[in-house]
Each structure stands twice: as C-alpha cells, then as structure tokens.
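Read the structure below first, then the notes.
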Amino acid sequence: MRLLQAGKSGTQGLTPVMGAVNAFHAVVHRLDAADGFADWDIIGDLPGGPRQLAFDWAPYASRFVLVVEPTSQSMLTGRRILRLVSARRSTSTALVVNKVAGRKDVERVESFFGTPALGTIPASEDVRRAEAIGVALLDFSPSSPAVEAIEALVERLLAR
Amino acid sequence: MKIVVAGKGGVGKTTIAGTLARLLARRGHSVLALDADSNPMLGISLGIGPEETDALVAVRQGLETGETEHARSTEGFVGRFGRDAPDAVRLVVASRIERPDPGCPCCGVSPERLLGELEGAGRIVIGDLEAGVGTLLRLRDGQADLVLLVVQPSAKSIEVARRAIEIVGSRLPLLVVANRVRDGSDFDMVQAVADGHEVVVVPEDSEIERADQDGQAPIDTAARSPGVRAIEELAALLARGYALPSTASPLAPMAPGPAPTPRVRQGLGPARLH
C-alpha cells in the first residue's frame, strides 16, 4: 500500500506548501490515466463537508462512498454532497451508515436517502479507543465488530 | 466582543457554539451568531431545525444572486440575510458551497472579512469556524477577541489543537474546551496539549448526542443535562470578562437534571442517491 498525502499548513499559512498542494491537485487529476496505477485500487479520503468535491479533488473516483452518521447534521451534509456529486459527473454512490446503535438508525438514514445502505458500521468502543490513542483500528482490534463490518463492505464494493 | 469557535471537524464545535450563543443571550447579551462554515449547520444547534438551516441564504451567495438591491454595509447584510433564532440570537451564514467550482470561499465576502467588519462593541459575535485551521490562519487583527478551541480526547483532534494553538500563538486569548470528556485520563490528554491555556470541561453527554441526532438544540431538549450545564458555566466565565479560574476543575460531579421535556421530532426531507 502506498500513502500519498497533501501538504499540511503550518503557522505560516498555506504559502509554504502551495507547491505541494498544486502538485497534489495535478497528481489526482492524472491518476486515472496513469499506466503505472492501472491495476491499483485508489481510495481517496476527502475532508468532511462539500468543499473538496466542489473543487473536484476526486476526479479519479469511479464510485463515491458516502459515509453518514444517523444525525441530522451528517444527513444534511450527505445531501449537500450528493447534490455536488450529481452535478459534477454521473458517478455511482454507495451509502454507508456509520456509528450505528441499532436497526432504527439504519432505517432512518436509508429512509432519508431513499436507498438501502451498502454497509453499516456499528458504534464501537474499540473505534473510540483506537482513535484516542491514534492507532489503526485494524491493528488495535482486528476482530472487532466494526472491522468485520468494514470487511463485509469491502466484499460488497468488490462485488458490484 | 468577538469569539471564534475552532477545532477539528466532528468534535462538537457547532453544538457548543450554538448552545453558548443562546446561553449568553439568555444572560441579557445581544448575540450575533455567524456561521463561518461553508457547510453551515449552526442553525440546527441554535434550534431552528434542519430544513430551515438548509434553506438559509448565505451572505456571499445572496449578494451574487443580486435579485434585489442589497444592503450597502456589513451590518446591513446581517439585516438582509440574517434570521432570528430563539432567545433573540441573530443568525447569519457567511458563505456556503452548493455547486461545483463555487469560486474561492476565502476571497470576497469571506468569514474573516465579515468578522472584521461586524461591530463587536456592545454585543457578542460568535463565529463558528470551518473545521481545521484554515480560517485561523487567515484571521487578522480586529477579527476576533477570543478563540474557543474545542478539543475532544482523540489523537486526530489533539493534533489539530496543537497546530491551532501554535497558529494563534500569543496573538489572541485562547480558551480550550475539552469536549466529550469521560474521565481524568481524557482530561489529561487534552490538558497536555493546552500549552498553559485554561481548559474548560464539557463532559460526554448522551442527551446532547440525542439532540444532535434529532436535529434539535440541546438547550431545548436537555437544558439540565451535564453537558449543557457545563456550557452554561463557560458562558458565566465569559460573561465575567475572562475571569477564568486559575486551575481547571474537571469532572466536578454533576447531579443529573430532570428528564427533558419531550419534543416533536423535526424531520428531514428526502434526499436521493444518483
């Protein structure tokens, strides 16, 4: 696995990293056509909210995975993102409900978006603890229900 | 007085900003709540509901549309594009991203420009900033008097807080709000990054979570919950003119309040996947 990360701004603002940011933008816009990555799976982790989508920071994406929590803020954000995705290009979108406490949570989100979720990730104390100490969930608790749910999601994504 | 609320996304920044705005208004202050996030959600935490929040016209987009002759001053924008929220808080949205290639969100009518031009004397302006450190980086003199940095006990939030504190440096007073704190180790984790700044604790609160889930303001549904009462204490500290205690007193035991008054759920309209 290779990790590519855009530059982080420091106390001097974006100026010192603008070169890196511009390069990153150029890279993501060429990924789709790069022969060297033809047989790679590329996963882009976008910042929360609609900003990066509006500025087309994921042109390589053949599928958007919309991760939504069962809260009003998250669902509203998801709706705004969907508007942008559909305005930008005809890319399929898969709905994933995260931090699920019960079936009602899933039904609420599915009802709001009018489609069944491709995956549901249970609320998990393991996830909270892993994030607290900054360790990957897969390393911290490889057999947790959240990991199992993400594994199932991977299978469904690959099967589509 | 101009207060900006900053922090990593998802740490409860907007919930604290909205609740604080209403609590300060209840104490008799004139409060203007500026939603400075391009994904504006402050209306929900203020209690106007998800759909009303989604329908608000942002100043920037309102000016671009130009359907009517607009106000000629920043204060006029507040009147023209703002909306009254409960407890007489005035809410105005700076800018929202709702279409592809929306133009640079930090140029033109930017959140920091509005913060700079809005009158801070005689009232409290609370700016709910976009997640991360971008707006903090662009803040100039006169655009804020105090930074409330909301931090939750997670490695990612702590990292953003560390950078935010470095960016603010000694330019502005900064108060750390340790949110969703469960125990002493959570508090220690946040205090370790606070770099000597005062730390106010807001405990983890399932009633606030429930209000967030339902799209309601915690102050309306869980006014006596530990989290809202902690924000009330924060409001009291601010109202006393930064007379903050020399040492934080985290995790003071709080008696549970009475059960919240049942409210009608505010539903959200449909959305469709494409």
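Computed values, structure above
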{"item": "Among (1) surrounded by fewer than 20 Cβ atoms within 10 Å (Cβ to Cβ); (2) within 30 Å of B:Gly49 (Cα to Cα) - the single one A:Ile43 does not satisfy", "result": "(2)"}
{"item": "When residues of the range B:1-35 are limited to those that are small (Gly, Ala, Ser) and at negative phi, the one surrounded by the most Cβ atoms within 10 Å (Cβ to Cβ)", "result": "B:Ala21"}
{"item": "Test: residue in the range A:37-46 that is under 20 Å from B:Thr14 (Cβ atoms), facing chain B (nearest Cβ under 10 Å) and not charged (D, E, K, R)", "result": "no"}
{"item": "The range A:86-106: number of residues that are surrounded by 22 or more Cβ atoms within 10 Å (Cβ to Cβ) and either assigned to a loop (DSSP other than H, G, I, E, B) or within 7 Å of another protein chain (Cβ to nearest Cβ) (or both)", "result": "1"}
{"item": "Residue that is nearest to the other protein chains (Cβ to nearest Cβ), among those in the range B:74-109 that are at positive phi and surrounded by fewer than 17 Cβ atoms within 10 Å (Cβ to Cβ)", "result": "B:Asp101"}
{"item": "Residue ID - farthest from the other protein chains (Cβ to nearest Cβ), chosen from residues in the range A:107-144 that are closer than 23 Å to A:Arg63 by Cβ, under 20 Å from the mean Cα position of the chain (by Cα) and of a type in the set (Ser, Thr, Tyr)", "result": "A:Thr120"}
{"item": "Flag if A:Arg89 is at pLDDT below 95, basic (Lys, Arg), in contact with a Ser or Thr (Cβ under 9 Å, 6 or more places away or on another chain) and more than 23 Å from B:Glu52 (Cα to Cα)", "result": "no"}
{"item": "Residues (outside any helix (DSSP H, G or I) and more than 28 Å from B:Glu159 (Cβ to Cβ)) located in the range B:6-32", "result": "B:Arg27, B:Gly28, B:His29, B:Ser30, B:Val31, B:Leu32"}
{"item": "Number of positions in the range A:48-71 that are more than 19 Å from A:Gly119 (Cα to Cα) and in contact with a Leu (Cβ under 9 Å, 6 or more places away or on another chain)", "result": "8"}
{"item": "Selection count where residues are at the interface with chain B (Cβ under 7 Å from one of its Cβ atoms) and within 10 Å of the chain's Cα centre (by Cα), scope the range A:48-75", "result": "1"}
{"item": "Helices (runs of 4 or more DSSP H) contained in the range B:122-239 and holding at least 2 residues under 17 Å from the mean Cα position of the chain (by Cα)", "result": "B:134-138, B:155-168, B:206-214, B:218-221, B:226-239"}
{"item": "Residue in the range B:131-153 that is surrounded by the fewest Cβ atoms within 10 Å (Cβ to Cβ), counting only those that are without any contact (Cβ under 8 Å) to a residue 60 or more places away in the chain and within 12 Å of another protein chain (Cβ to nearest Cβ)", "result": "B:Arg140"}
{"item": "Complete set of residues in the range A:9-28 that are within 14 Å of another protein chain (Cβ to nearest Cβ) and either in contact with a Ser or Thr (Cβ under 9 Å, 6 or more places away or on another chain) or surrounded by 12 or more Cβ atoms within 10 Å (Cβ to Cβ) (or both)", "result": "A:Ser9, A:Gly10, A:Thr11, A:Gly13, A:Leu14, A:Thr15, A:Pro16, A:Val17, A:Met18, A:Val21, A:His25"}
{"item": "Residue list for the range B:117-130, filter: over 17 Å from B:Val31 (Cβ atoms) and at pLDDT 90 or above", "result": "B:Glu130"}
{"item": "Lone unmet requirement of (1) modelled with pLDDT under 90; (2) closer than 23 Å to B:Gly134 by Cβ for B:Val92", "result": "(1)"}
{"item": "Every residue from the range B:170-206 that is closer than 25 Å to A:Glu125 by Cβ, in contact (Cβ under 8 Å) with a residue 40 or more places away in the chain and of a type outside the set (D, E, K, R)", "result": "B:Val177, B:Ala178, B:Asn179, B:Val181, B:Gly184, B:Phe187, B:Gln191, B:Val193, B:Val199, B:Val201, B:Val202, B:Pro203"}
{"item": "Subset of the range B:4-38 [over 30 Å from A:Val67 (Cβ atoms), in contact (Cβ under 8 Å) with a residue 12 or more places away in the chain and not charged (D, E, K, R)]", "result": "B:Leu23, B:Leu24, B:Ala25, B:His29, B:Ser30, B:Val31, B:Leu32"}
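The values are calculated or read from the model by the stated rules, or taken from the named source; none is laboratory data. Quick caveat, the model's predicted, so the values are computed rather than measured. Reconstructed Cβ throughout: ideal geometry from the backbone, glycine too, with neighbour counts over all protein chains shown.
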